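The block underneath contains the structure these notes are about, expressed in structure tokens.
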Amino acid sequence: MTSIDLQQTRRFRWKKFATEGAGRLIIFLVGSVILWALISAFLIERPDRYLPSPLSVVLSSADMLYKGSLLSFYSDTLTRLLFGGAVGILIGIPVGLALGLNRTVADMFYPLMNFFQSVSGIAIFPIIVIWFGNSDTTVLIVVLYTSFFPITFNVLSGVRAVPVRYIQAARTLGASRLQVVRDVLLPGAMPSIAVGTRLSVGFAWRAVIAGEMLAGRPGLGNMIFSGQELDNSAQIILGMVMIGITWIVLDHYLLRPLEADTIERWGLVQR
Amino acid sequence: MSGEAKLIIQDLCHHYPDEYTGQSVHALEGINLQVYENEFVAIVGPSGCGKTTLLNIVAGLLPYREGRAMVDGVEIRGPGPDRGVVFQEHAILPWRTVARNIGHGLELQRVPKEETRRRVQEYIDLVGLTGFENRYPHELSGGMKQRVAVARTLCADPVIMLMDEPFAAVDAQTRITLQDELNRIVMATHKTILFITHSVEEAAFLGDRCIVFSRRPGRIKTEIKIDIPREQRVWKEMGTNPKFTEARDQILHLVRQEVTSDDEH
Ligand SMILES: Nc1ncnc2c1ncn2[C@@H]1O[C@H](COP(=O)(O)OP(=O)(O)OP(=O)(O)O)[C@@H](O)[C@H]1O
Ligand SMILES: [Mg+2]
């Protein structure tokens, strides 16, 4: 192999790495951190108070890791997110399906659902606190409540959008009503289920953070909140960074592969 | 016609209610029709004369109140695997591969996996899709999708196959190929088929019998026997086949009578 060939192969690999999957993600993250470090070092007057440098955030995280609080905050928050979000979604899918299947039932419940959808998770927070106190249960209920609506409404409209022809085709092949749900309506509603799941997890994530702040339960949200009280900006930024990175990782390793294996593979959406 | 009647329709009428005006649309009037075993019956008629209505009733997708419709002596009540349908817009499921679409009917009937695989492969080969077993519909051309739809229906082994303008949505060249192929498939499988079309040529080329419908409310105006052996039905040779040209011109004339300029749509 000549040196030119070698150079070209190398450049080609580099380009591939930079434009695909994990490589693209890493480059984006590293770039952002460098930009952040430059701004903090050269543009901000008192960086420790207003925009701590990446290094001081890393030091703060090392400190909290050493004390053992960081991982426990993080796992508390993640548990609430995944548990509350999963239950909300797992309830939302069959409810949305039932509403999508039956117009009479849907017309009956629609106003009620619409009403509660407009009353956000934060707005119901006080009443839940009165019922369950400043507890984990309260945070979980708010997370569940918040994640329930996006998925439910999306499944509902997704089921309705499945072409009648597909249902008829399955029926003439001998499908029972249940088989139509399994083979036609559920996969047909997958694009909406994917959108709904994304929205639900996203909203649930915000609800966890807000819920922890309001209920004062230990976790990332609370860590950010107490960072302000302690005048510890590094701790606040650490919390924000962890929230953002968690979302990117969830999206990249959970939601995107789910979509790639279903709706993209089936040609129902283009990327 | 020899053999027994697979489909029997007696004095069938249909009115569509119109919820907005309160009037109803009279779509079918006094239809009497029998389709015999191994017979290919083509229906032509002006647009809006009730052809699709008739097919939907036979498919069990549209409930009827006046008259009778029976398949294999059993009154039609809802859809069932004894009546396979090929729709104009293929309607194969985007989330199933070619093989899983074609095997869907057998899967629903809980036919054992091994037998399903064998029969699916047989029909994939029959419609010329060998090598495309694991493709998804969005990776296929329009003509290939329609082949999948035909194979899916055949594979479920219905008593009668219903086709509503199945080749209307593909280009002219593909249509000719698909018509030739359908002929070959009919020879190979001896299926009983009720076939709806706008195309007089298609009806004359494919049908053992061609039913001409009147304008709405659809009635059977005439029927024409097309007595050409299947082996001779190849497009290359049809242009010079006097039986074909005669039947085609006759049907064309009858359809033209129905389509007058003032209510053509
Ligand atoms: N769901 C419906 N509700 C009310 N009227 C209908 C409905 N479906 C069809 N019609 C009317 O019934 C008549 C027959 O319709 P049909 O679809 O059976 O015609 P067709 O012969 O298949 O027409 P084409 O050749 O254009 O497909 C038409 O006048 C149509 O407007
Ligand atoms: Mg029609």
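Derivation of every value follows stated rules applied to the coordinates shown; laboratory data play no part. Values in this document were obtained by computation on a predicted structure and should not be read as measured data. As a convention, Cβ positions derive from the backbone with ideal geometry for all residues, glycine included, and neighbour counts pool all protein chains shown.
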Q.
Per-residue Cβ counts within 10 Å, from other chains only, averaged over B:50-61: what number is that?
A. 1
Q.
Within 10 Å of each Cβ in A:183-194, how many Cβ atoms from other chains are there, averaged over the peptide?
A. 2
Q.
Debye calculation, C-alpha points only, no solvent: report log10 I(q)/I(0) for the protein assembly as shown at q = 0.05, 0.08, 0.09, 0.10 Å⁻¹, in the same order as the q values.
A. -0.35, -0.72, -0.82, -0.91
**Q.** Extended-chain gain in nm, criterion 0.36 nm per residue less alpha-carbon gap, residue A:102 and residue A:43
**A.** 15.3 nm
Q. What residues have an amide H closer than 5 Å to that of residue A:53, excluding those fewer than 5 places away on the same chain, when H is modeled at 1.01 Å from N in the peptide plane?
A. none
Q.
What are the ³J(HN,Hα) couplings of segment A:89-95, residue after residue, when phi is run through the Karplus curve with 6.51, -1.76, 1.60 and θ = phi - 60°? Round to Hz, x for glycine and proline.
A. 5, 5, 7, x, 5, x, 5
Q: Restricting to chain B, compute how many DSSP beta bridges are antiparallel as a %, nearest 5.
A: 55 percent
**Q.** Residue range of chain B that is longest and free of trypsin sites (Lys or Arg not before Pro) which are both DSSP loop and sparsely packed (at most 15 other C-beta within 10 Å)
**A.** B:136-265
Q: Measure nothing fancy, just the Cα-based angle from helix A:190-215's long axis to the longest principal axis of chain A, in degrees from 0 to 90, nearest 10.
A: 50 degrees
Q. Once amide H atoms are placed 1.01 Å from N in the peptide plane, what residues at a sequence separation of 5 or more from residue B:213, or on another chain, have their amide H within under 5 Å of its amide H?
A. B:44, B:45, B:221
Q. Based solely on its DSSP helices, what 222 nm [θ] is calculated for chain A when runs of n ≥ 4 H residues each add -39,500 (n - 2.57) and the sum is averaged over all residues, nearest 500 deg cm²/dmol?
A. -26000 deg cm²/dmol
Q. Do any of B:145/B:236; A:16/B:145; B:113/B:191; B:145/B:225; B:6/B:236 go past 27 Å between their Cα atoms, and which?
A. A:16/B:145; B:145/B:225; B:6/B:236
Q) Whose amide H sits under 5 Å from the amide H of residue B:218, counting only residues 5 or more places off or on another chain, with H placed in the peptide plane? A) B:28, B:29
Q: Please work out the Cα center distance from segment B:173-250 to segment A:67-131, rounded to the nearest Å.
A: 59 Å
Q. By how many degrees, between 0 and 90 and to the nearest 10, does the Cα long axis of helix B:242-258 differ from the longest principal axis of chain B?
A. 50 degrees
Q | Packing-based ranking, highest mean first, of B:69-75, A:150-156, A:74-80 given that Cβ atoms within 10 Å are counted | A | A:150-156, A:74-80, B:69-75
Q: Work out from phi, with θ = phi - 60° and the Karplus expression 6.51 cos²θ - 1.76 cosθ + 1.60, the ³J(HN,Hα) of each residue of segment B:22-30, listed in order in whole Hz, and give x for Gly and Pro.
A: x, 7, 10, 9, 8, 8, 10, 9, x
**Q.** Inter-chain shielding of B:94-101 (mean C-beta neighbours from other protein chains, 10 Å cut-off)
**A.** 4
Q) Where both partners of a DSSP beta bridge lie in the protein assembly as shown, what percent of those bridges are antiparallel, to the nearest 5? A) 55 percent
Q. Angle, helix B:172-189 long axis vs. longest principal axis of chain B, Cα atoms, 0 to 90°, nearest 10?
A. 80 degrees
Q.
I'd like the Karplus ³J(HN,Hα) series for segment B:107-122: coefficients 6.51, -1.76, 1.60, θ = phi - 60°, whole numbers in Hz, and an x wherever there's a Gly or Pro.
A. 4, 5, 8, 6, 6, x, 3, 5, 5, 4, 4, 5, 5, 4, 4, 4
Q: Between A:55, A:90, A:185, find the one with the highest GNM mean-square fluctuation for chain A; connect C-alpha pairs within less than 10 Å.
A: A:55
